[in-house]
Number of protein chains: 2
Amino acid sequence: MLELRHRGSCPGPREAVSPPHREGEAAGGDHETESTSDKETDIDDRYGDLDSRTDSDIPEIPPSSDRTPEILKKALSGLSSRWKNWWIRGILTLTMISLFFLIIYMGSFMLMLLVLGIQVKCFHEIITIGYRVYHSYDLPWFRTLSWYFLLCVNYFFYGETVADYFATFVQREEQLQFLIRYHRFISFALYLAGFCMFVLSLVKKHYRLQFYMFAWTHVTLLITVTQSHLVIQNLFEGMIWFLVPISSVICNDITAYLFGFFFGRTPLIKLSPKKTWEGFIGGFFSTVVFGFIAAYVLSKYQYFVCPVEYRSDVNSFVTECEPSELFQLQTYSLPPFLKAVLRQERVSLYPFQIHSIALSTFASLIGPFGGFFASGFKRAFKIKDFANTIPGHGGIMDRFDCQYLMATFVHVYITSFIRGPNPSKVLQQLLVLQPEQQLNIYKTLKTHLIEKGILQPTLKV
Amino acid sequence: MLELRHRGSCPGPREAVSPPHREGEAAGGDHETESTSDKETDIDDRYGDLDSRTDSDIPEIPPSSDRTPEILKKALSGLSSRWKNWWIRGILTLTMISLFFLIIYMGSFMLMLLVLGIQVKCFHEIITIGYRVYHSYDLPWFRTLSWYFLLCVNYFFYGETVADYFATFVQREEQLQFLIRYHRFISFALYLAGFCMFVLSLVKKHYRLQFYMFAWTHVTLLITVTQSHLVIQNLFEGMIWFLVPISSVICNDITAYLFGFFFGRTPLIKLSPKKTWEGFIGGFFSTVVFGFIAAYVLSKYQYFVCPVEYRSDVNSFVTECEPSELFQLQTYSLPPFLKAVLRQERVSLYPFQIHSIALSTFASLIGPFGGFFASGFKRAFKIKDFANTIPGHGGIMDRFDCQYLMATFVHVYITSFIRGPNPSKVLQQLLVLQPEQQLNIYKTLKTHLIEKGILQPTLKV
């Protein structure tokens, strides 16, 4: 049976021992040859859920073929496989980082397409594992239904985003108004059609597998689509709310690996035996420092701090604004112990830098649990990587498992501590209320503003 | 192996043949005796997911013991088992219906408690099936974690309801303000603690089962807790939005059963072979007529039509209002073919009665798919009922499977076609905006109201 070598999912506090080898692993062939018995045996039972065969002949999910580009293999042919893998990983890491900078330069719309692409690929990777776990039996309609459900849930979430952030654009287009006005009804009807199709596709001999795949699809949708919707919402708040969290997680991965590599002694968690406390703590402090500096650098540019707004007059995204207080330098008096260390009384900071400490603390302490979860998942289904999309790294999901929890945390953090409700969304809701409801709210708001001294009481003539 | 007798989940277009017998079914004992091998075999693999034993000795989930009250058994002892079961079902049906009327009389708060109780029991029934499917292996922490996740998700949804509908009450209580202000952050932190506990509870030999149970719990939460939250939201819109849909589903169950019993010829769907087209169509027309009449009767009373509001001065729920246009009689001119049939030109109706046709159509055509889904689920795991909570009927889930889809449909219908955003929620969001955002919205609203002629322009002095 293929001996499981674990790379540690998102390269968290990395293995203190030499990196795993990919070459030379025998591709696990599929041991199960399909024998069609005459009697209509209930394959659902005989197969059970991957099921009624002894452990040894449960088909290993063969690692997918190696996709390292030929020219790279030739260029590195002289090296030992250990260093070859290092170089492949290194080159691919740099390529990814530079691609990322290029996309940032191209603007928020491209970033949104990138997020959508990553989400679909992660969904594809996890669903494909479901198929490979159950691959030998064709569940009727199932591939179509999985992708259909993905389409429905994306239609719903992206429609909500269009309704929230493209109100001015929507007002101009008649059909769009209809689609947005009845968006939830249309999305629910689309989902119901898929639900009914699933019920109609139930086949006696596959009931259990079909329900397993139904649950598998829905949990995957919950993890990938819902959270990538939150990533987009964070992006609309300002690119800095997208870049600092993501780069903190990446920084934590790399620094935890380095600290683990050089100082790693005490194992951290059984689930990832190669991860160490030294890597974990080292990663934490470096990530907090990194986040603090990155926040300082990015806070200077409107491009990164202004909420992303769609302007229908120029028909494109605009990031211009009067930066909020979060991104205006303020002077703080230092606490005593820092006064002694830094030998100065006061310091000027962007308030966002203080918030960045919360983000990088989460990225270092809780973010890795997303990685441990993915590690456990891969061990449960005896796979080394989610896929082989990126040579030397595995699948997209292997790179982004820690990012998912982070995205939800940032969204909840913003709505709890940073901004209240979205003003344009509140106005939009106001304008669809009944006239007398609008009038009541107008009067209440007027009294409130006068009480607060924001509005001068006007004497009626 | 226990011959599967299918009662048809929510008693939809009922079996055209005699009802199933419960007595005399041998309780399927558990065939699997635990043999602890010395070598630490990976029980996850040897067991696989319920798994590596041939079909015949996959333990049937033994039907739970019969809970019919003794006095009932004695009273019916003379009858044949067929009629005994009929009487038990009939008596329990009448008991449930009268209990339901009593709770309606006691008011909306009691109805909310009833919904909460049903949700928790349905969750318990489905989770227990998960345990019985995998019961022979103790997954560490799992019962605690399942209930903990239920608590977190309920805390989140009920907190959102309190924030939406108890704004005045919340304003008065200092601590409550804090809890509501940071509600999403607290809920997310609670959930994360459970997520991290799950990761830390992963044990090498149980990985796969633990991930299956994790998915099982989350899909169950998705089905039961999310949709029961929508039932409560519908109830706040007015009791009529709760009663008409629920009674339409019950009416469809009973009438489809009767039509199937008396006229059933053509099988409807392989999944529930005893259901017939005659039952399905007969049920549809009777449900539409029933819904139309029920809407007419209930529309007369403020108690049923007014939105449920919490009034802090009387510290209780209040259902007093000026009924909206939906619940005011209006005269409509009849379409030609109806003029001929009814021999009258015009008719006075409540507009809600027209909406009731959409609700009862859904209850008859799409609602049953919730029942088919539950049937497929029970067949997949070879169980006859979700539990035996109600003698003669099975579990609570057996009675409510069709109601879940209905609740979501009603919620989406209300937000799409009936009311716009909730005015008190819009006002609440307005009051937490920044002063200059409030001022901008005030000015935009003022111009809008003046343009619409709802507000007279005031001449400044």
Helices (runs of 4 or more DSSP H) contained in the stretch A:341-445 and holding at least 1 residues at the interface with another protein chain (Cβ under 7 Å from one of its Cβ atoms): A:367-380, A:396-413, A:423-431
Any hit, the stretch B:353-362, residues being within 21 Å of the chain's Cα centre (by Cα), aromatic (Phe, Trp, Tyr) and either outside the structural domain of B:Phe236 (by the TED database) or under 22 Å from B:Gly90 (Cβ atoms) (or both): no
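Just give me the residues in the stretch B:264-281 being of a type outside the set (Lys, Arg), assigned to a loop (DSSP other than H, G, I, E, B) and under 13 Å from B:Arg379 (Cβ atoms), in sequence order.
Keep residues of the stretch B:264-281 that are of a type outside the set (Lys, Arg), which gives B:264, B:266-269, B:271-273, B:276-281.
Among the residues that remain, those that are also assigned to a loop (DSSP other than H, G, I, E, B) are: B:264, B:266, B:271.
Across the stretch B:264-281, the qualifying residue is only B:Leu271.
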Flag if A:Leu449 is assigned to a helix (DSSP H, G or I), within 7 Å of chain B (Cβ to nearest Cβ) and over 25 Å from A:Ala167 (Cα atoms): yes
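In the set B:Phe185, B:Phe178, B:Phe109, B:Phe214, which member is open to solvent by 20 Å² or more (accessible area, probe 1.4 Å) and within 11 Å of chain A (Cβ to nearest Cβ)?
Values: B:Phe178 fails: within 11 Å of chain A (Cβ to nearest Cβ); B:Phe109 fails: within 11 Å of chain A (Cβ to nearest Cβ); B:Phe214 fails: open to solvent by 20 Å² or more (accessible area, probe 1.4 Å).
Only one candidate passes the filter, namely B:Phe185.
If we keep just the residues of the stretch A:188-207 that are more than 7 Å from chain B (Cβ to nearest Cβ) and within 26 Å of the chain's Cα centre (by Cα), which is least open to solvent (accessible area, probe 1.4 Å)?
Here is the first cut: in the stretch A:188-207, the ones more than 7 Å from chain B (Cβ to nearest Cβ) are A:189-191, A:193-194, A:197-198, A:200-201, A:203-206.
Now restrict to residues that are within 26 Å of the chain's Cα centre (by Cα): A:190-191, A:194.
Working: A:Leu190: 63, A:Tyr191: 60, A:Gly194: 1 Å².
Here the residue is A:Gly194.
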Any hit, the stretch A:118-128, residues being in the same structural domain as A:Tyr404 (by the TED database), in a loop (DSSP other than H, G, I, E, B) and buried (at least 17 other Cβ atoms within 10 Å of the Cβ): no
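Any residue in the stretch A:450-461 that is open to solvent by less than 40 Å² (accessible area, probe 1.4 Å) and not assigned by the TED database to the domain that holds A:Asn252? Break it down into steps so the answer makes sense when it comes.
Keep residues of the stretch A:450-461 that are open to solvent by less than 40 Å² (accessible area, probe 1.4 Å), which gives A:455.
Checking which are not assigned by the TED database to the domain that holds A:Asn252 leaves us with A:455.
Yes, because at least one residue in the stretch A:450-461 is open to solvent by less than 40 Å² (accessible area, probe 1.4 Å) and not assigned by the TED database to the domain that holds A:Asn252.
Condition first: open to solvent by less than 30 Å² (accessible area, probe 1.4 Å), closer than 18 Å to B:Ala363 by Cβ and touching a strand residue (DSSP E or B) at 6+ places or on another chain (Cβ under 7 Å). Now tell me which residues in the stretch B:256-273 satisfy that.
We begin by selecting, within the stretch B:256-273, every residue open to solvent by less than 30 Å² (accessible area, probe 1.4 Å); these are B:256, B:260, B:264, B:269, B:271-272.
Narrowing further to those that are closer than 18 Å to B:Ala363 by Cβ: B:256, B:260, B:269, B:272.
Listed by number, the residues that qualify are B:Gly260, B:Ile269.
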Test: residue in the stretch A:274-283 that is under 22 Å from the mean Cα position of the chain (by Cα) and either crowded, with 17+ Cβ neighbours inside 10 Å or over 25 Å from A:Thr408 (Cβ atoms) (or both): yes
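Considering each of A:Tyr191, A:Tyr158, A:Tyr207 in turn, give the residue that is assigned by the TED database to the domain that holds A:Cys122 and either in contact (Cβ under 8 Å) with a residue 12 or more places away in the chain or in a helix (DSSP H, G or I) (or both). Break it down into steps so the answer makes sense when it comes.
Numbers: A:Tyr191 fails: assigned by the TED database to the domain that holds A:Cys122; A:Tyr158 fails: assigned by the TED database to the domain that holds A:Cys122.
The conditions single out A:Tyr207.
Is one or more of the residues making up the stretch A:230-248 in a strand (DSSP E or B) and surrounded by fewer than 20 Cβ atoms within 10 Å (Cβ to Cβ)? Lay out the reasoning, then the answer.
Restricting attention to the stretch A:230-248, the residues satisfying the condition of being in a strand (DSSP E or B) are none.
No, that holds for no residue.
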Boolean, A:Arg172 is open to solvent by 50 Å² or more (accessible area, probe 1.4 Å), more than 26 Å from the chain's Cα centre (by Cα) and among the charged types (D, E, K, R): yes
B:Gln177, sole failed condition from (1) modelled with pLDDT under 85; (2) closer than 22 Å to A:Asp401 by Cα; (3) not hydroxyl-bearing (Ser, Thr, Tyr): (2)
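The values are calculated or read from the model by the stated rules, or taken from the named source; none is laboratory data. Here the structure is a predicted model, which is why all the values come from computation and not from measurement. Ideal geometry is used to build each Cβ from the backbone, glycine not excepted, and the neighbour counts take in all protein chains shown. These accessible areas exclude ligands, DNA and RNA; they are computed on the full protein's heavy atoms, side chains included. Shrake-Rupley method; radii C 1.70, N 1.55, O 1.52, S 1.80 Å.
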